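The values are calculated or read from the model by the stated rules, or taken from the named source; none is laboratory data. What you are looking at is a predicted structure, and each value in this text was computed from that prediction instead of being measured. Here the Cβ positions follow ideal geometry from the backbone for every residue, glycine too, while neighbour counts run over all protein chains shown.
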Amino acid sequence: MASEATRRTAVLGLFRSAEATADGVDALRAVGFRDRDLDVLTDSPFPEGAFGERPVHHRLYVFPLMGAACGFAVGVLITVGTQMSFPLVTGGKPILSIPPMINVLYEGTMLGALIFTVLGVIFESRLPRRLDRGYDPRILRDGLIGLEVKAAGDQVDVARGLLRQAGAVDVVGAGTEARGER
C-alpha cells in the first residue's frame, strides 16, 4: 500500500486564457513541479509550446520501421516456406523465383508497417489513460483550459494556491468536494 507521501493526487485549475495557463505552468515549474507532473487539457488544439510546455520527444518513427522489417521477414518466410514445402518444377524454372515473391513481400512489408504504426500511435499516446485523471465538463462546455497538476501530500495545497494566484477561475480536485469549494 502506498504511503500518504507517495500517493499523488490530481489538482485541476481552470483558466479562461492561454496566457494565464502559461503563467500557471511557469509558477508551478518555479517551485519544483516537473513537466511530467503537469498536463494541459483544452477543447481545441493549440500549437505545441503555447502554454510553455516543453516538446514531447517521441519514438513513433521506430514503430513503422520495425513493423516493415517484421512484415518483410514474415513475407520471406511464407514465400520461401511455401515454395520449399511444395516444390513444383515447371519447365525447368527455379523453385525459388524472385518475381512472384515481390508482391507478397511488398504486401507483407506494408501490412507490418501499418499494424505497427497503429500500435505505435496507441503506445505513444499513452492509451489507455488512467481513470483517476482530473477533468471538468466546463473544459468542453465553456471553453475553459484545464491545467492538471499531480501533487503529493503537502504539495497539494501549494499547487492549489499557485493555480489561484496564476488566475484560475476555479480549482477542483484534491478534496475540494469535501471542503465545499466547488
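For region 90-103, the criterion of being assigned by TED's automatic domain parsing to the domain that holds D154 and basic (K, R) is met by no residue. May I ask you to list the residues in region 69-108 that are polar (S, T, N, Q) and touching a residue at least 24 places away in the same chain (Cβ under 8 Å)? The answer is T79, and nothing else. Taken over region 24-36, the criterion of being modelled with pLDDT of 85 or more and surrounded by 13 or more Cβ atoms within 10 Å (Cβ to Cβ) is satisfied by G24, V25, D26, A27, L28, R29, F33. Checked against (1) within 26 Å of V118 (Cα to Cα); (2) without any contact (Cβ under 8 Å) to a residue 24 or more places away in the chain; (3) surrounded by 13 or more Cβ atoms within 10 Å (Cβ to Cβ), M66 passes all but a single condition, namely (2).
Only one entry in V171, V158 is assigned to a strand (DSSP E or B), in the same structural domain as A22 (by TED's automatic domain parsing), out of contact with any His (no Cβ under 6 Å at 6 or more places or on another chain) and modelled with pLDDT under 90, namely V171.
On the basis of being on the phi < 0 side of the Ramachandran plot, in the same structural domain as V156 (by TED's automatic domain parsing) and either assigned to a loop (DSSP other than H, G, I, E, B) or in contact with a strand residue (DSSP E or B) (Cβ under 6 Å, 6 or more places away or on another chain) (or both), does G24 make the cut? The answer is yes for G24.
Only one of the numbered conditions (1) in the same structural domain as L163 (by TED's automatic domain parsing); (2) at pLDDT 95 or above is violated by D43, and that is (2). Does T21 meet the test of being of a type in the set (S, T, N, Q), crowded, with 18+ Cβ neighbours inside 10 Å and within 19 Å of Y135 (Cβ to Cβ)? Yes; evaluated as a whole, the condition is true for this residue. Looking across F63, F51, F116, F123, one residue alone is closer than 30 Å to V11 by Cα, assigned to a helix (DSSP H, G or I) and under 19 Å from the mean Cα position of the chain (by Cα). It is F123.
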